[in-house]
Amino acid sequence: MTDGTASKAADKASDAAGQAKDGAQDAAKNVQSSKAYQVLVKVGLTAYGIIHLLVAGLIVKLALGDSSGETSNTGAIAEVAKAPGGEILLGVIGVGLYALVVWQVIAAIVGFPEFEESKRLRKRISAVGRAVIYGALGTSAIMAAIKGASSSGGGETEEEAAKGLFGLPGGVFLVGIAGLAVIGYGIYQGYRGVKAKFNEELETELRGAGRAFATAGHIGKGAAFVAIGGLFVLAAIRHNPDEAGGMDQALQALRGQPFGVVILFAIALGIGCFGIWCFYWAKHAKHA
């Protein structure tokens, strides 16, 4: 192949890639302008808020000594499934959460144009992560709606992940790094709350009660992630994958510590505030 032929082929490939990108952006903008889509996003964020309120209630129950339910998102879904008409509500929640997946995929493609390039890229990568979280939670809701509360998932996922990492070369370090990463994410959530970075997700700036709920909510959720990450780090230090776990195991471990019950009530309050923040988010969500 001559240099000229290679250059023409590269130009055609570049043009095709550009056209594909433009087509994806146009499609994203068309979906974005749909009223039905915007309503579904509001439904999804409202559902996300309800799940957090249910988790807050489960944490309060745990603080009071009732550990019969799993204190996590999947535990909240199981609680909904047990309620009269729970399958229908879970179906609505699942559809709403899938709408949030579409919302975040669109944000990953065309979102955050107001930011400079490096921050825009970080925001878009974060949107991809959120899409994965919403998709997993939506699937749990739909499966629970179809098969009942028992299908909503167990609390073994994080522990199984830790065991898998322990089995790899340098697994102890990988588990420790994973724990530090989760702790870092929790601290970042608290930072977002303190610095009111949540306003970047909105079409307006929250003030008054809305700002207070958002700040407390991000701090409370961050604290829960710090507890989960702490279990991973402890498991790495002790070379014991059984000590790693998700939110339920982290909060149960926390309850046994000095002032653990008080801390659990504080985390419950924070996660409850995060749920209320989701209602403000639903009302003022930025769609690009």
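Quick notes on this structure:
- For the stretch 50-140, the per residue solvent-accessible surface stands at 44 Å², with DNA, RNA and ligands left out and a 1.4 Å probe.
- Whole-number D in µm² s⁻¹ for the stretch 193-288, Kirkwood Cα-pair radius fed into Stokes-Einstein, 4 °C, 1.567 mPa s: 89
- Surface share of carbon and sulfur [accessible, 1.4 angstrom probe, percent] for the stretch 176-288: 66
- Distance between the C-alpha centres of the stretch 62-136 and the stretch 221-240: 22 Å, rounded to the whole angstrom.
The values are calculated or read from the model by the stated rules, or taken from the named source; none is laboratory data. This is a predicted model, so every value here is computed, not measured. The area values use the complete protein model at the heavy-atom level, side chains included, leaving out ligands, DNA and RNA. Shrake-Rupley method; radii C 1.70, N 1.55, O 1.52, S 1.80 Å.
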